[in-house]
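Student: Below is one structure. I have some questions about it.
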Amino acid sequence: MLWLFAVLAVSVGVSLLRGGKLSNIAEIYARGWWLLFVGLGMQTAANFVNNDQREIAVWLVLLSYIPLLMVILLNQRLPGMWIAGVGILMNFTVIALNNGMPVLPEAFELAGGNIDNLTLDAKHVILDGSSRLPFLADIIPMPGSVISMGDVLLAVGLGVFVEDQLQQPLRLFRHRVQGLPGSAADERGA
């Protein structure tokens with residue numbers, strides 16, 4: 001997950017270089033944002049499921065995508081959301097077809113892990129010849145982790161969303177209710 005925070009930090013940096021305002025972070029608004037915590041909570045809970053109960057962990061992960069996709073659907077008109085949605089659907093698909101997220105052992109080793117100590121949690125499986133849609137699996141080595149193409153699209157989509165939100169003009173009112181400067185004076189007839 002460290003790589004995701006790095007992507008978001010780069011998005012903030014790019015936005016600031018392009019004239020964005022850091023103060024807009026407090027004004028970022030997405031409908032149903034609290035559903036993110038539900039989905040991420042379900043994925044976190046899956047990490048604590050014992051390996052002998054992997055079906056429960058896989059179902060928790062698969063069900064966690066429902067609230068995440070609901071956030072995407074509620075905010076589909078916002079920049080970057082459809083890209084993040086495609087990434088989420090890619091991860092959902094490969095996990096559903098393989099009963100867990102396949103992980104390429106060689107990518108794990110390139111990411112700095114010891115292949116002899118590769119222990120998978122209840123929601124991951126080894127990528128092998130029987131894996132379906134292997135190009136969607138965790139095959140991209142990053143320092144300390146291995147990610148999938150779905151993770152990449154999710155990060156890009158979130159980065160585009162954050163960068164766009166920081167580029168927004170000054171809001172006169174909270175929660176995206178736009179007003180025109182001087183509009184109150186016009187109503188008085190002045």
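Student: Return the long-range amide H neighbours of Met142 (sequence gap of 5 or more, or a different chain), with a cut-off of under 5 Å between placed amide H atoms.
Tutor: Sorted by chain and number, the residues that satisfy this are Ile147.
Student: Considering just Cα atoms, how many Å³ per residue does the convex hull of the range 30-157 enclose? Mind showing how you got there, number by number?
Tutor: Details: hull volume 12.8 nm³, N = 128.
For the range 30-157, the hull spanned by Cα atoms encloses 100 Å³ per residue.
Student: Now for a different question. What FRET efficiency do you get for Leu73 and Gln168 if R0 is 22 Å and r is their Cβ-Cβ distance, rounded to the nearest 0.05? Walk me through the intermediate numbers first.
Tutor: Working: r = 22 Å, r/R0 = 0.99.
It comes out at approximately 0.50.
Student: Can you put Glu106, Glu163 in order, fewest other beta carbons within 10 Å first? Before the final figure, lay out each step's value.
Tutor: Working: Glu106 13, Glu163 21.
Lowest count first: Glu106, Glu163.
Student: What helices does the chain have that are whole DSSP H segments, at least 20 Å long along their own axis by Cα, and with mean Kyte-Doolittle hydropathy of -1.0 or more?
Tutor: 2-17, 54-74, 81-98, 149-167
Student: Quick query: amide H of Val125 versus all other amide H atoms, modeled in the peptide plane; which residues come in under 5 Å with a sequence gap of 5 or more or a different chain?
Tutor: Met101, Val103
Student: Considering the options Asn51, Leu74, Ala155, tell which one lies farthest towards the positive end of the dipole of the range 30-157, charges being +1 on Lys and Arg and -1 on Asp and Glu at the Cβ, about the Cα centre.
Tutor: Toward the positive end, the furthest listed residue is Leu74.
Student: Please report, in debye to the nearest 20, how large the charge dipole of the chain is about its Cα centre when each Lys and Arg carries +1 at its beta carbon and each Asp and Glu carries -1 there.
Tutor: On the way: 11 positive and 14 negative charges, 183 e Å.
I would put it at about 880 debye.
Student: Let me ask something else about it. Given contacts defined as C-alpha pairs under 8 Å and at least six residues apart, what's the relative contact order of the range 1-98, whole-number percent? Before the final figure, lay out the partial values.
Tutor: Values: 60 pairs, mean separation 23.5, N = 98.
Computed value for the range 1-98: 24 percent relative contact order.
Every number in this text was worked out from the coordinates using simple rules, so none of it is lab data. Quantities reported herein were computed from a predicted structural model and do not represent experimental measurements. When we count neighbours, we look across all protein chains shown, and the Cβ atoms used for this are built from the backbone with ideal geometry, even at glycine.
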